[in-house]
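The values are calculated or read from the model by the stated rules, or taken from the named source; none is laboratory data. Bear in mind that the values here come from a model prediction, so they are computed numbers and not experimental data. Neighbour counts are summed over all protein chains in view; Cβ atoms, including those assigned to glycine, are modelled from backbone coordinates with ideal geometry. Protein only, heavy atoms only, side chains kept; ligands, DNA and RNA dropped before computing areas. Shrake-Rupley method; radii C 1.70, N 1.55, O 1.52, S 1.80 Å.
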Amino acid sequence: MSTTANATGIGRSVRRREDLRLLAGKGRYSDDMNLPGQAYAVMVRSPHAHARIIAIDTAAAKRAPGVLAVLTGADMLSEGLKPIPHAVWSRHPAELFLPNSDGSQAFIPPHHIMAVDEVRHVGEIVASVIATTLAAAKDAAEEVQVEYHVLPAITRALASVAADAPPVRGDGGNVCIDSLVGEAAATEAAFARAAHTASITTWIPRVAGVPMEPRAALGEYDPASGHYTLHAGAGGAHQPKQHLAGVLGADESKVRVVMHDVGGNFGTRGAFNPEFAHVAWAARRVGRPVKWTCLRSEAFVCDYQARDLEATAELALDAEGRFLGMRGSVISNVGAYPISFGPIQKGVEIISSIYDVPSVCFRARAAMTNTPPTRPYRSSGRPEVMYVMERLIDIAARNSGLDRIELRRRNLVPESAMPYRNPFGMLYDSGAYHKAMERALELADWNGFPARRAEAKSRGRCRGIGVANYLDTATGVPRERAEVTVMPEGIVEIVIGTVSQGQGHDTSFAQLMTEFLGVPMETVRFVTGDTARVKFGGGAHSGRALRLGSIVMHNASGEIIEKGLRIASHVLEADMADLAFADGRFTVAGTDRSIHLFEIAKAAATRNDLPDDLRGKLDATSDETVGEASFPYGCHVCEVEIDPDTGTVHVVRHTAVDDVGRAVNPMIVHGQVHGGIVQGLGQALCEQAFFEPESGQLLAGSFMDYTMPRADMFPFFDAEMSEVPSTTHPLGIRPAGEGGTTPALAVLVNAVVDALSEYGLEHVEMPVTAERVWQAIHQQH
């Protein structure tokens with residue numbers, strides 16, 4: 001390792017270099033973008049969850065001052081705009097596919113950028129108004145008159161799959177996929193010989209992603225060239241480019257997407273949104289740039305949402321507590337349009353978690369409802385199934401009389417079994433699961449809990465402790481590309497297809513280049529989020545950004561060093577075998593003769609005596625497709641205190657041990673874990689996108705009704721990293737961004753149920769609000 005890398009390379013807690021810019025208000029987010037002569041778009045949205053559109057009267061709106069255009073679904077069809085070509089299935093080769101059991105194709109109805117004859121969720125676009133000012137567009141939008149015939153609405157997936165359920169849409173059934181995966185016969189045999197069983201029927205409710213920055217988009221069209229440009233933040237730039245071209249029927253070469261800073265994603269803003277196509281299309285229609293900015297209240301009904309899984313599961317055990325089998329049914333609520341089957345794919349494939357379960361069989365369904373579409377959200381699908389598994393284990397411990405920790409110890413996959421193939425064929429590369437759990441229990445002082453419980457009891461409080469092991473699957477788009485150029489003026493430029501939405505890429509990626517090339521961090525410059533410069537990129541999702549970005553940057557750096565050695569051999573008149581590269585310099589062994597990497601770049605650019613293949617830019621490109629998945633894991637312990645008089649739940653202690661393989665920047669990793677914990681505990685404690693069942697109206701449509709976690713709800717966390725190198729990554733890296741969230745639902749509910757055990761309670765549904773806890777206590781008496 002070089003001297004520079006020793007200070008700022010892999011493993012160092014370097015402060016985020018992007019923070020000064022962002023904290024000083026110098027960030028550039030989507031709404032900060034403006035262009036001369038731009039117009040403004042306002043969307044007219046459906047107030048009904050399900051209705052036929054009888055008529056749309058736009059005459060008054062078109063006459064309003066400043067209005068340039070009023071667009072409807074009829075206009076969309078007449079101009080040949082196509083449905084959004086969502087990537088509904090995960091495209092990673094390691095992912096579990098869920099074929100329909102009857103051999104039919106999955107039902108994937110078209111998702112247009114606005115409704116035509118039928119609206120299928122509150123907030124769906126029925127018209128858009130384009131005007132010279134935002135105020136004029138808002139005023140005119142109120143003049144658009146829409147006549148509806150209201151139809152029955154469904155909000156829960158369980159209701160949607162019922163035999164007598166009304167149709168969610170007029171042109172097809174309610175179920176998109178209905179798959180049976182696993183070994184049914186072996187699982188039935190396992191349950192037949194079981195000494196103990198445990199079961200749970202539960203619902204993991206829906207949440208809103210609510211990123212700090214609301215969405216915004218600015219569209220341009222150049223009639224001379226036929227080129228479109230979209231300025232909008234998302235999970236990456238290339239997929240929106242492909243989807244925008246698909247909707248508009250344009251060649252991809254005539255579409256450019258530009259992203260700058262993105263104020264949070266977590267998955268719900270990771271896909272193509274209808275408004276992105278609206279502004280580009282409208283720009284073509286009115287002959288000027290068109291901008292749309294989402295209001296927060298609007299976002300609650302038009303942003304993609306998340307979670308929402310109905311689950312029934314059983315666990316079979318032998319007399320000694322060894323797991324024999326697991327079976328059940330899970331139903332994912334995909335909302336009005338199937339945007340992604342990723343959550344149910346990624347959940348089912350690891351529902352057995354890090355335990356050795358010989359036989360597993362699950363029925364997996366994706367059902368549509370009259371609610372906004374759902375898509376992956378921090379640790380897509382995994383918090384839900386970890387919750388199911390860890391609750392089952394606690395219930396099994398209670399039913400069998402076995403200790404809940406010992407039950408986990410007996411069934412964790414041992415380190416000696418690695419690599420381990422789970423019942424669905426997912427290959428876990430490496431892991432020390434027992435060590436992670438034992439370390440978490442030690443940090444949490446598990447053995448000292450009885451004394452803390454007794455002390456709380458003396459104050460009239462109920463104290464509980466919960467534990468949850470977890471596994472995460474990191475896959476995502478398997479291809480990534482990086483172009484690395486060493487410039488004579490002392491800059492290393494990296495053009496890469498990942499994008500940052502708050503993860504600290506500008507720091508951690510620069511640390512990687514410091515490690516690889518021995519250059520100071522301040523010399524590293526990134527180009528991301530602009531499809532005019534970035535030829536391909538998978539963006540940031542599913543723990544892929546640094547994991548795949550590090551591979552392509554490492555490969556390109558290796559090529560640059562190899563080329564640099566050849567150039568240095570000519571410049572220093574030394575045999576390549578006598579040259580070594582360290583700390584950014586090429587040195588002749590046994591001498592004080594050396595040349596810096598930037599001087600090599602200058603020589604390549606200016607010297608005429610070099611071979612032709614060594615002249616020009618000192619650069620390299622790596623374009624890789626990685627077919628292996630990565631499996632972060634860990635163990636969390638949570639302690640809560642409950643006031644039985646009010647039902648209020650207080651998190652008083654939270655301990656985390658998360659394995660990240662190899663931490664590039666431990667401080668950033670800890671920040672990711674802390675944020676993930678709060679995001680998961682917030683869902684378990686208070687968050688829910690609550691829809692009125694009869695009307696399909698969202699009743700939690702603002703921060704007055706949708707409860708967000710706050711800093712004063714949580715203690716300081718005791719977090720520690722485990723670093724067992726991943727065998728499927730050349731640097732041993734596993735992702736770290738989702739580990740805090742993945743076990744959070746399970747560990748919180750396990751702790752709450754433990755606290756309420758004196759009342760005979762065996763389970764409490766989420767969110768565990770004070771009202772729900774109070775009612776549960778009093779229903780037992």
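Would you tally the residues in the stretch 14-37 being among the polar types (S, T, N, Q) and surrounded by fewer than 15 Cβ atoms within 10 Å (Cβ to Cβ)?
1
Only residues in the stretch 87-100 that are over 22 Å from HIS111 (Cα atoms) count as the first member; pair them with residues that are charged (D, E, K, R), Cβ under 6 angstrom, at least 6 apart or cross-chain, and list the lot.
Short answer, once both residue conditions are applied: LEU96/GLU349.
Residue pairs, Cβ under 7 Å, 6 or more apart or interchain, first in the stretch 173-199 and at pLDDT below 95, second in a loop (DSSP other than H, G, I, E, B). List them.
So the pair list comes out as GLY173/PHE107.
Kindly indicate whether GLU628 is within 30 Å of THR727 (Cα to Cα), within 42 Å of the chain's Cα centre (by Cα) and not in a helix (DSSP H, G or I).
Yes; evaluated as a whole, the condition is true for this residue.
When you check ALA568 against the structure, is it among the hydrophobic types (A, V, I, L, M, F, W, C), touching a helix residue (DSSP H, G or I) at 6+ places or on another chain (Cβ under 9 Å), at pLDDT below 95 and buried (at least 24 other Cβ atoms within 10 Å of the Cβ), yes or no?
no
Hey, ALA69 hits all of (1) open to solvent by 60 Å² or more (accessible area, probe 1.4 Å); (2) farther than 27 Å from VAL168 by Cβ but one; which does it fall short on?
Here ALA69 clears every test but (1).
So which pairs qualify, if the first residue must be in the stretch 10-24 and free of Cβ contacts under 8 Å to residues at least 24 places away in the same chain and closer than 22 Å to GLY263 by Cα, the second must be surrounded by fewer than 12 Cβ atoms within 10 Å (Cβ to Cβ) and not small (Gly, Ala, Ser), the Cβ gap must be under 9 Å, and the two must be at least 6 apart or on different chains?
Filtered contacts from the stretch 10-24: LEU20/LYS26.
Any chance you could count how many residues in the stretch 255-274 are among the basic types (Lys, Arg) and either farther than 21 Å from ILE496 by Cβ or open to solvent by 10 Å² or more (accessible area, probe 1.4 Å) (or both)?
1
Where in the stretch 400-519 are there strands (runs of 3 or more DSSP E), lying wholly inside it, with at least 2 residues that are of a type outside the set (Ser, Thr, Tyr) and open to solvent by 10 Å² or more (accessible area, probe 1.4 Å)?
479-487, 491-496
For the stretch 470-501, give me the residue count where each residue is in contact with a helix residue (DSSP H, G or I) (Cβ under 7 Å, 6 or more places away or on another chain) and either free of Cβ contacts under 8 Å to residues at least 24 places away in the same chain or of a type in the set (Ser, Thr, Tyr) (or both).
Summing the residues that are in contact with a helix residue (DSSP H, G or I) (Cβ under 7 Å, 6 or more places away or on another chain) and either free of Cβ contacts under 8 Å to residues at least 24 places away in the same chain or of a type in the set (Ser, Thr, Tyr) (or both) in the stretch 470-501 gives 4.
Sort out which residues of the stretch 201-254 are under 25 Å from GLN683 (Cα atoms), open to solvent by less than 10 Å² (accessible area, probe 1.4 Å) and not in a loop (DSSP other than H, G, I, E, B), and write them in order of number.
Residues satisfying the conditions are THR202, ILE204, PRO205, ARG206, VAL207, ALA208.
If you scan the stretch 280-314, which residues turn out to be open to solvent by 10 Å² or more (accessible area, probe 1.4 Å), in contact with a helix residue (DSSP H, G or I) (Cβ under 6 Å, 6 or more places away or on another chain) and under 13 Å from MET43 (Cα atoms)?
Matches in the stretch 280-314: THR293 only.
Is there a residue being part of a loop (DSSP other than H, G, I, E, B), open to solvent by 30 Å² or more (accessible area, probe 1.4 Å) and over 27 Å from GLN305 (Cβ atoms) anywhere in the stretch 693-708?
No, the conditions are met nowhere in the stretch 693-708.
Quick test of your reading of the structure: ASP754 fulfils all but one of (1) out of contact with any Ser or Thr (no Cβ under 8 Å at 6 or more places or on another chain); (2) open to solvent by less than 20 Å² (accessible area, probe 1.4 Å); (3) modelled with pLDDT of 95 or more. Name the failing condition by number.
(2)
Touching a strand residue (DSSP E or B) at 6+ places or on another chain (Cβ under 6 Å), open to solvent by less than 10 Å² (accessible area, probe 1.4 Å) and modelled with pLDDT of 95 or more: is that true of LEU324 in this structure?
Criteria not met by LEU324.
Would you call GLU562 without any contact (Cβ under 8 Å) to a residue 40 or more places away in the chain and assigned to a loop (DSSP other than H, G, I, E, B)?
So GLU562 fails the test.
Does ILE125 satisfy the condition of being farther than 30 Å from TYR428 by Cβ, among the hydrophobic types (A, V, I, L, M, F, W, C), surrounded by 15 or more Cβ atoms within 10 Å (Cβ to Cβ) and touching a Phe, Trp or Tyr at 6+ places or on another chain (Cβ under 9 Å)?
It is false that ILE125 is farther than 30 Å from TYR428 by Cβ, among the hydrophobic types (A, V, I, L, M, F, W, C), surrounded by 15 or more Cβ atoms within 10 Å (Cβ to Cβ) and touching a Phe, Trp or Tyr at 6+ places or on another chain (Cβ under 9 Å).
Based on this model, can you work out whether GLY539 counts as over 30 Å from CYS638 (Cβ atoms), in a loop (DSSP other than H, G, I, E, B) and open to solvent by less than 10 Å² (accessible area, probe 1.4 Å)?
yes
On the basis of being open to solvent by 60 Å² or more (accessible area, probe 1.4 Å), closer than 30 Å to ALA364 by Cα and of a type in the set (Asp, Glu), does ASP102 make the cut?
It is true that ASP102 is open to solvent by 60 Å² or more (accessible area, probe 1.4 Å), closer than 30 Å to ALA364 by Cα and of a type in the set (Asp, Glu).
Inspect the stretch 49-56 for any residue being in contact (Cβ under 8 Å) with a residue 60 or more places away in the chain, surrounded by fewer than 14 Cβ atoms within 10 Å (Cβ to Cβ), closer than 30 Å to PRO152 by Cα and touching a Phe, Trp or Tyr at 6+ places or on another chain (Cβ under 7 Å) and give the result as yes or no.
yes
Consider HIS674 against the criteria (1) open to solvent by 30 Å² or more (accessible area, probe 1.4 Å); (2) over 20 Å from the mean Cα position of the chain (by Cα); (3) under 24 Å from ARG452 (Cβ atoms): it satisfies all of them except one. Which criterion is unmet?
Unmet for HIS674, out of (1) open to solvent by 30 Å² or more (accessible area, probe 1.4 Å); (2) over 20 Å from the mean Cα position of the chain (by Cα); (3) under 24 Å from ARG452 (Cβ atoms): (2).
Looking only at the stretch 260-281, which residues are modelled with pLDDT of 95 or more and within 23 Å of PHE526 (Cα to Cα)?
Selection gives nothing.
Among residues belonging to the stretch 614-656 that are among the hydroxyl-bearing types (Ser, Thr, Tyr) and buried (at least 17 other Cβ atoms within 10 Å of the Cβ), point out the one that is farthest from ALA456 (Cα to Cα).
SER622
Among the residues of the stretch 571-609, write down those that are open to solvent by less than 40 Å² (accessible area, probe 1.4 Å), over 24 Å from THR523 (Cα atoms) and not in a strand (DSSP E or B).
Across the stretch 571-609, the qualifying residues are LEU572, ALA574.
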